[in-house]
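What follows is a short report on a single structure.
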Amino acid sequence: MPRWLHSLGPKTLAILFAVAAVNTALSYFVLQSVVQPAFDTIETGQAEHGIERIRVALRKEQGHLVATSADWAVWDDSYAFVQGDNATYLDDNILPSVFQNLNLSLIAFQDRDGGVLFSYAADPASGERLPSDAFDVDALLAALPQGAPSGAADVAAGLVDLHGRLLLVVRHPVVDTLAAQPPAGALVMARPVNARLMALLRDQTGTDFRLLPLSGTDANDLTEVARTLIDTGAATDAVVISARDGVLVADSLLAGIGGQPVALIEAQRARTISAAGGESVGLAILLMALSAIAQLAVVWFLLRRMVLRPIHRLTRHIQSARDSRETEPPAPLNWQRGDELGMLAGTYDRLNAALALQVRDLNHALARLHAADAAKSAFFANMSHELRTPLNAIIGFSDLLATQPFGPIPDKRYLDYIDDIHSSGHHLLDLVNEILDYSKADSQQLQLVRERFSIHDIVDDAMRMIRLQAGQSGVALHRDLPADLPPLLSDKLRLSQILLNLLSNAVKFTDSGGRVTVSACAQGDHVQLEVADTGIGIAPEDIPRALAPFVQLPQRKRSDAAGTAGGTGLGLPLAKRLTELLEGRFELTSEPGKGTSVRLILPLTLSDDALPGRDQLRSAS
């Protein structure tokens with residue numbers, strides 16, 4: 001829990017804030033899941049209505065073209081021309097200005113059998129006649145309903161997709177002015193869906209849209225929804241809505257003069273309604289959040305005035321009593337209050353009286369503990385002197401006797417006894433040193449010498465000192481050290497002691513023919529040293545005991561060893577404690593029958609502040 005939440009005021013404020021936050025979040029959820037979708041629904045409805053307005057505008061333009069064609073087709077002059085009796089009809093009526101004024105690209109006349117009597121294709125912008133290869137009249141006429149008109153009302157009108165060009169086309173029967181005679185033929189007028197017509201349709205509908213012919217539009221220019229609409233052949237009255245690049249896109253198919261889809265309406269609408277709805281929702285949430293903050297401020301003010309201030313006064317009194325408790329117990333509060341704070345003050349007074357007795361007992365116990373610690377230090381100092389002095393004499397005289405300075409020893413068995421005395425003295429001295437080192441390390445009395453040294457050198461020295469023991473046990477030693485390992489600024493002696501302990505343990509518990517490997521690698525501002533063996537291993541449940549001081553695991557010996565391994569049980573614990581003093585991590589993994597791996601993760605530089613007793617830290621050049 002954060003430190004600022006340790007007092008009652010912040011906790012209460014946090015609870016109130018959480019309640020306000022939950023209420024605001026629920027309101028936000030309601031606004032986003034109910035109100036905002038309503039705006040989206042309105043916007044979608046308007047997009048669909050825009051498609052319908054486009055259809056109505058197209059039908060209106062189609063009706064205008066039908067009315068224009070009726071003015072020409074229901075006329076005696078046109079009737080006479082189709083029958084071949086009006087030679088000046090074309091010169092008098094088929095003029096460039098007609099195409100410009102009416103925005104037409106084709107005027108054609110057919111006889112009763114559908115044959116072409118006359119066709120004139122022109123550019124509606126200039127009225128200039130187009131060459132025959134620029135406008136495929138035959139394809140256009142083929143797209144119209146076949147057969148002769150049955151009467152004056154047999155009018156065909158609609159959209160035609162002419163090789164990727166959209167045209168509004170009308171075929172109107174040519175009859176006399178009174179429509180008393182049967183149709184002499186048909187008049188065909190085509191109006192292109194060009195920029196002029198599209199501008200007119202956009203003005204009428206107030207909608208930004210495109211009319212795309214199905215045969216001449218690049219599929220990459222369409223939305224995925226529009227491509228699906230075309231591929232599936234949806235009904236021409238279906239409207240599909242999708243969102244793209246911040247706008248709402250409505251797609252729908254348009255039927256041509258033959259009833260088949262020939263064009264796609266793609267209408268785009270800026271999402272102003274949805275954006276306005278989002279702004280409204282955001283403003284509502286902001287107002288709710290501000291309201292919640294105002295409520296929190298009022299509740300906090302009342303809480304501090306009615307509850308927290310008395311508690312703070314009580315706390316200050318208790319703290320002042322605690323600070324003045326060095327020589328005598330704190331004075332009782334003696335608050336005469338009938339509320340919960342008065343009960344708390346009374347409880348505090350009673351607790352203080354009991355604590356005064358316990359403090360007195362603890363002071364006596366602490367004095368005894370200091371005396372015991374002083375006795376322990378004196379004992380280890382005396383043991384160091386009393387044990388090392390005779391041991392050094394035993395080792396020295398055994399070395400002297402082994403050299404036979406006063407002449408040869410008659411019986412060689414004396415030499416064997418001398419060797420046994422020498423080995424036992426060294427073994428006992430090593431045990432004493434291990435006990436003393438662990439005691440100093442555990443009480444943080446070891447003095448560390450910080451110096452810069454090579455990892456290669458310290459590993460080579462340790463392996464050289466353990467090579468004889470490994471050779472006698474039939475264990476192979478290997479090293480795997482990269483050449484670019486950075487040097488360490490640490491205690492070389494203690495790290496060497498750690499490596500020797502680990503290598504000795506590894507060799508001691510590895511069968512003949514096994515292998516002990518020392519490896520290292522750099523890890524940023526740390527280095528990892530690993531000692532791995534193929535020995536007998538340790539069961540996972542026994543690892544904590546193996547790291548405890550003065551503990552030897554039962555039945556732990558090599559398969560080729562006659563008895564259990566000796567020692568004080570301080571090898572691994574001492575290595576772990578020294579690693580920790582060097583600001584490192586000691587990690588041990590093992591599996592019975594497969595071996596043990598010990599990893600030391602050490603900093604490249606031993607810091608001053610991290611060690612206890614840093615006033616005793618010495619630096620070596």
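The values are calculated or read from the model by the stated rules, or taken from the named source; none is laboratory data. Computed from a predicted structure; not experimentally measured. Counting neighbours? That spans all protein chains shown, and the Cβs are built from the backbone with ideal geometry, glycine included. Accessible surface areas use protein heavy atoms only, side chains included; no ligands, DNA or RNA. Shrake-Rupley method; radii C 1.70, N 1.55, O 1.52, S 1.80 Å.
Things to note:
- Only one of the numbered conditions (1) on the phi < 0 side of the Ramachandran plot; (2) buried (at least 16 other Cβ atoms within 10 Å of the Cβ); (3) not in a helix (DSSP H, G or I) is not met by GLY537, and that is (1).
- Breaking point among (1) without any contact (Cβ under 8 Å) to a residue 12 or more places away in the chain; (2) of a type in the set (Gly, Ala, Ser); (3) open to solvent by 70 Å² or more (accessible area, probe 1.4 Å), for SER215: (1)
- Some residue of segment 260-268 being touching a helix residue (DSSP H, G or I) at 6+ places or on another chain (Cβ under 8 Å) and at pLDDT below 85: no
- Residues that are within 60 Å of the chain's Cα centre (by Cα), at pLDDT below 80 and either more than 30 Å from ASP484 (Cα to Cα) or loosely packed, with under 11 Cβ neighbours inside 10 Å (or both) do not occur anywhere in segment 385-392.
- Residue count for segment 96-142, restricted to those that are among the small types (Gly, Ala, Ser), part of a helix (DSSP H, G or I) and crowded, with 20+ Cβ neighbours inside 10 Å: 0.
- Close pairs (7 angstrom Cβ cut-off, 6 or more residues apart or separate chains): over 16 Å from ARG467 (Cβ atoms) and in contact (Cβ under 8 Å) with a residue 24 or more places away in the chain in segment 503-514, outside any helix (DSSP H, G or I) and hydrophobic (A, V, I, L, M, F, W, C) anywhere: PHE509/ILE536; PHE509/ALA565
- For segment 28-40, a tally of residues being without any contact (Cβ under 8 Å) to a residue 60 or more places away in the chain and either outside any helix (DSSP H, G or I) or over 9 Å from SER274 (Cα atoms) (or both) returns 4.
- Remark: pairs (first residue in segment 183-211, over 30 Å from ALA152 (Cα atoms); second residue open to solvent by 20 Å² or more (accessible area, probe 1.4 Å) and in a helix (DSSP H, G or I); Cβ separation under 6 Å; 6+ apart in sequence or on different chains) = THR205/ARG53.
- Residues that are in a helix (DSSP H, G or I) and either open to solvent by less than 60 Å² (accessible area, probe 1.4 Å) or touching a Cys at 6+ places or on another chain (Cβ under 7 Å) (or both) within segment 222-264 comprise VAL225, ALA226, LEU229, ILE230, listed in sequence order.
- Count of residues meeting criterion [at pLDDT below 70 and among the charged types (D, E, K, R)] in segment 288-336: 5
- Of residues in segment 64-77 being free of Cβ contacts under 8 Å to residues at least 12 places away in the same chain and under 21 Å from GLN204 (Cβ atoms), the one most open to solvent (accessible area, probe 1.4 Å): HIS64
- Members of segment 469-485 that are surrounded by 12 or more Cβ atoms within 10 Å (Cβ to Cβ) and in a loop (DSSP other than H, G, I, E, B): GLY474, VAL475, LEU481, LEU485
- THR24 vs. criteria at pLDDT 80 or above, part of a helix (DSSP H, G or I), among the polar types (S, T, N, Q) and out of contact with any Leu (no Cβ under 9 Å at 6 or more places or on another chain): yes
- Taking the criterion of being open to solvent by 30 Å² or more (accessible area, probe 1.4 Å) and either in contact with a strand residue (DSSP E or B) (Cβ under 6 Å, 6 or more places away or on another chain) or closer than 27 Å to ILE458 by Cβ (or both), the residues of segment 513-531 that qualify are ARG515, THR517, CYS521, ALA522, GLN523, GLY524, ASP525, HIS526, GLN528, GLU530.
- Filtering segment 265-283 to residues that are under 25 Å from VAL22 (Cα atoms) and open to solvent by 30 Å² or more (accessible area, probe 1.4 Å) leaves GLY278, GLU279, SER280, GLY282, LEU283.
- Tally, over segment 506-551, of residues that are under 17 Å from VAL475 (Cα atoms), more than 42 Å from the chain's Cα centre (by Cα) and not aliphatic (A, V, I, L, M): 9
- Among residues of segment 82-96 that are closer than 18 Å to THR177 by Cα, those with a beta-carbon under 7 Å from a residue that is part of a helix (DSSP H, G or I) at least six positions away or on a different chain give the pairs ASN86/ASP77; ASN86/ALA80; TYR89/ASP77; TYR89/PHE81.
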